[in-house]
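What follows draws every value from the coordinates through simple rules; no lab data is involved. Just so it is clear, the model here is predicted, and its values are computed rather than measured. We place every Cβ from the backbone using ideal geometry, glycine too, and count neighbours over all the protein chains shown.
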Amino acid sequence: MLAVQQLESGYGESVILRNVTLKVKPGQAVCLLGRNGVGKTTLMKSVMGLLKARGGTVSYKGADLTKKAPGERAKNGIGYVPQGREIFAQLSVYENLLLGLEAAKGKARAVPEEAIAKFPALRSMYGRRGGDLSGGQQQQLAFVRALAAKPDLLLLDEPCEGIQPSIVDDIRGVIRSIKSESETAILLVEQSLDFAKSVGDYFYVLEKGAVAWEGDLESLDDEVIRKYLTV
Amino acid sequence: MDVYLLQLFNGLSISSILLLVALGLAITFGLMKVINMAHGELIMIGAYSTYLTQNLFNDYLPAQLFDWYFALAIPVSFGIAFVFGLVMEMSLIRFLYGRPLDSLLATWGVGLVLQQAARSIFGAPNVAVKSPAWLDGGLRIMDGTLLPYKRLFIIALVVVCLLAMYLYIYRSHEGRRMRAVMQNRDMAACLGVSTRRVDAMTFAIGSGIAGIAGCALTLMGPIGPSLGTYYIVDAFMVVVLGGVGKLAGTVLGATGIGMFNTLFEYWTNASLGKVLVFVCIVAFLQWKPMGLVAMRTRSLD
């Protein structure tokens, strides 16, 4: 479904990703692992279109998206939960959710019930400003906002960063339910190996801006972890 | 007693004019952070649009309809300034986002060009716009105290503009997109908001409101090519004092400056009054650099 071919990308003069090739199939949860600074978030931003690719291609459902703007990609069915959540602080929670509908197909006017049902606690916060929520609440909001447009591919960039354990459990449950209920694919960046192992089907390990290892859950053994992930 | 009442009304009137002049800037500078030095010229364009509407009514329509030209002049001024703003944004401003100094210089240049264009088309001398007869005279509230209809009309116009802007920015779909883009451009783009379109519309609307201000200014006296330069400093003052990015701040800023201006002028004289107002603004901004209404939120830490 999502295919990244020999992607090269970076900020300004510095090249972060040199040669990344990966695939996400429908309904699959793919985890990106790697130490800090290997280019995981850069890859997410390049897939979303926030960073322009210098080389290589990003294609999605057979269409080439390499030159497309982020909005175009969102309308093609890619939902994005960025690192740091990026909630619109001055807008109310409900307005944040309505903005999630911008990329929805047709003329959706209300946040879909199945999206908000993932984190029902948000219902009681509709009138509050996004910026007044705690980190965990903002993360839930960012999740539902991305789900509102019913994406076929969900990009999750460190969804559990700085979140209390009970909400991490909720997020794990939500990712699992997305996998079981629909064909929505997930591309997840995660620091916690336990979390990644508990939801992932397939794993890529990045190192120095390139894919250093890839494989499924069984082959992700201690040797791989020692070699690429322990500090 | 009636002296104070009159001063209060004068203060309110000056506040309303300041607010009308600054409302457009509250969008282009306050929300979009574009230091738009051509804002005064957009006001001037609005004023000349009113002048043109008046002339067209004079030349082509029966005399009994003349008084209603002003009702049409308001949307016409808005429309023409809107189009100018749109063209400006698409041809120039869009390349200068995030470069405040460059946009300051560029828009100043645009302002000079527009001033000279007005001089070439309409001539350097001021032209008079004849106010409609229904705005002549005033409301007599007691002996010796007359509230001119023109000034009351401007106050009403400001209230209407403010209400329309509030509804647009805080209650409409377009307004929600606008606020989202101004707060977090990248994330808005990732959600599928067309940021280019929102930028262009926002700038154009701010320009259009400047046009309405120009239309209202024709009620206060003759207009000329350099009309805008008299108001640009005041407009920036109001927005900065009020707190950038907040509509309520702009209202407070305009009211504050207008009221104190009247008060100081009553106590001293016109020029000293103005100086005192500026001193107060500078002192206030030393104390509260963010202005009267500052944004406070966790996310800005």
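Kindly state, to the nearest 0.05, the FRET efficiency for B:ARG171 paired with A:LYS227, given R0 = 60 Å and r defined as their beta-carbon distance. Mind dumping the intermediate values first?
Numbers: r = 56 Å, r/R0 = 0.94.
Efficiency for this residue pair is about 0.60.
Here the sum of -39500 (n - 2.57) over DSSP H runs of 4 or more residues, divided by the residues of chain B, equals -24000 deg cm²/dmol at 222 nm, to the nearest 500. Label zone of B:ALA156 (point 7 Å out along Cα→Cβ, amide N under 17 Å): in segment B:60-91 this covers B:67-75. The label point for B:PHE66 and the one for B:THR229, both projected 7 Å from the Cα toward the Cβ, are 3.3 nm apart.
Kirkwood hydrodynamic radius of segment B:6-89, from the reciprocal of the average inverse Cα-Cα distance over all distinct pairs: 14.5 Å. Take each residue in B:179-189, count the other chain C-beta atoms within 10 Å of its C-beta, and the mean is 6. Name the trypsin sites (Lys or Arg not before Pro) in segment A:66-121 that are in a loop by DSSP and that have at most 14 other C-beta atoms within 10 Å, would you? For trypsin sites (Lys or Arg not before Pro) across segment A:66-121 that sit outside H, G, I, E and B with at most 14 neighbouring Cβ atoms in 10 Å, the list reads A:LYS67, A:LYS105, A:LYS107, A:ARG109. Between the beta carbons of B:LEU101 and B:ALA133, assuming R0 = 51 Å, the FRET efficiency works out to 0.60 to the nearest 0.05.
Of all lysines in the structure, those lying under 16 Å Cα to Cα from B:LYS130, and not within fewer than 8 positions of it along the same chain, are B:LYS150. Exposed loop positions in chain A were taken to be GluC sites (Glu not before Pro) whose DSSP state is not H, G, I, E or B and which have at most 13 other beta-carbon atoms within 10 angstrom. Between these positions, the longest stretch is A:14-182. Normalised by residue count, the protein assembly as shown yields a Cα convex hull volume of 188 Å³ per residue. Measuring r between the beta carbons of B:TYR266 and A:LYS52 and using R0 = 45 Å, the FRET efficiency lands at 0.15.
Counted residue by residue at 0.36 nm each, then reduced by the alpha carbon distance between them, the extension gain from A:LYS68 to A:GLN6 reaches 20.6 nm.
Just to be sure I understand the curve: with the Debye formula and one point per C-alpha of chain B, what is log10 I(q)/I(0) at q = 0.10, 0.11, 0.13 Å⁻¹? For the requested q values the scattering log ratios are -0.56, -0.68, -0.95.
Working note: 222 nm ellipticity from helices only, DSSP H runs with n ≥ 4, each -39,500 (n - 2.57), summed and divided by the residues of chain A, gives -7500 deg cm²/dmol to the nearest 500.
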